[in-house]
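Presented below is the structure to which this report refers.
Read-outs throughout are calculated quantities, based only on the coordinates presented, and are distinct from any laboratory measurement. No experiment lies behind these values; they were computed from the predicted model shown. Here Cβ is always computed from backbone atoms with ideal geometry, including for glycine, and neighbour counts include all displayed protein chains.
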Amino acid sequence: MSAALRIAVVGVGHLGQHHARLLASMDGVQLVGIVDTKPGRAGEIASKLGVPSFTHFGELPLDGLDAVTIAVPTVSHLQVALPLIDAGVSVLVEKPLASSLDDADKMIESAARRGVVLAAGHTERFNPAVVAALPLVSNPRFIEVHRLGTFPERSLDIDVIFDLMIHDLDLLLTSVKSEIVSIEAIGVNVLTPKTDIANVRLRFESGCIANVTASRISRDKIRKVRFFQRASYLSIDYAAQEAEIYRLVAQNGRPQIEGGKLDIKRDEPLRAELADFVGAVRDRREPGVSGRAGRDALALATKVAETMEASAV
C-alpha cells in the first residue's frame, strides 16, 4: 500500500475521541469517517477534524476502506467488528476484545479466513516504560501490581477485572513464560452493581506468584508493577512512564547494589498502539497485540471472575 491508509473510527466517547484525534494527525493515514450512535456526537468530533460523520457503522462506505478502530461498549464489539472483518476490513478492537470467549473466537476465525489484521487494544503494552523494562524481566519470583483509579466518567458496562485489571493480566502473560496453576480472587461491589475493587493472587508453574490489585474508586491514581527476581528488582510506573532496575553485584568480594532509572523517551501509548496497527495493516504483519493475545487476556480475566464468583458463594 503506497497510498494513505483509509481508516475510520467507530465510537468516539471517552477513549474513541482520542483514536480520531491521533489518526487524523498521523502521516500516511487518511481519516475517512467517524461513527457514533449518540445524537450529535459523531458530528461534533468530525467537524473538528474535517471528516464525514455517521450514526451507524453500516453507513461507512466500504469501498477502499482499509481499517477501522472500534471503541464502543464491550457488549457491542462483536456486533460491530465481525461484519467489518467479514467485509475484508482490518480492525483494532479496544480491550477487552469481546464480551465472551466465543465472540473472541468468531473474530479471530473470521480475520484468519479473510486475511485481515485483528488487533486488541491493550494500550499499556505500548507504554514506553513497559517497552523498555520488559526485556529485563527474567524468571521473576514475585510480582506486585497496583492499578488504582478514581471513579471514572465513562461507560462502566464491565467490572473492574475486565475494565482495568485486564491490562495487568495481559502484561503478566507476556512477562511470565509459565502456565498458571492456581488462582485466588476476591472482589467488592461499592458504587456499581459490578465489582469495583478486586485482588487476585496467581501462582505460576515456575513458582512465581503475582499479587494484583485493581480499584476504580480510589482517592489516588496509582499504576505500578514491581518484579522481584534473582539478584535484581525492577519497577514500572505506568503513569509517570518511568522504570528502574537494581541489581546485586559482587565488587571486591563484597555484595553491592547498582542500578537506577532507565533512559526512557516518553510517548503517548495510544499513539504508539495506533501507529503499530497502521504499520501492521500496511505491511500485512501481526500487530504488537494480536487478537489471539487479546483472547488470552480475556480468558484469564474470565477465570479470575469465575474464581471470584465461586469464592463469594
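Summary of values
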| item | result |
| --- | --- |
| Ratio Rg/Rh [Cα only; Rh per Kirkwood] for region 1-78 | 0.94 |
| Distance (nanometres) between label positions extended 7 Å along Cα→Cβ at residue 114 and residue 206 | 3.7 |
| Ranked packing of 163-172, 294-303, most packed first, by mean Cβ within 10 Å | 163-172, 294-303 |
| DSSP-defined antiparallel bridges as percent of all bridges, the chain, nearest 5 | 60 |
| Length released on extending from residue 150 to residue 47, taking residue separation times 0.36 nm less the Cα-Cα span | 34.0 nm |
| Rounded to the nearest 20 debye, dipole of region 1-107 from Cβ charges on Lys, Arg, Asp, Glu | 360 |
| The chain, helix-only ellipticity at 222 nm - DSSP H runs n ≥ 4, -39,500 (n - 2.57), divided by all residues, nearest 500 | -9500 deg cm²/dmol |
| In nm, spacing of pseudo-spin labels at residue 262 and residue 311 (7 Å Cα→C-beta vector) | 3.0 |
| Sorted peptide list for 78-84, 121-127, criterion being average Cβ within 10 angstrom, highest first | 121-127, 78-84 |
| Compactness of the chain, expressed as Rg and Dmax over alpha-carbon positions, Å | 20.4, 72 |
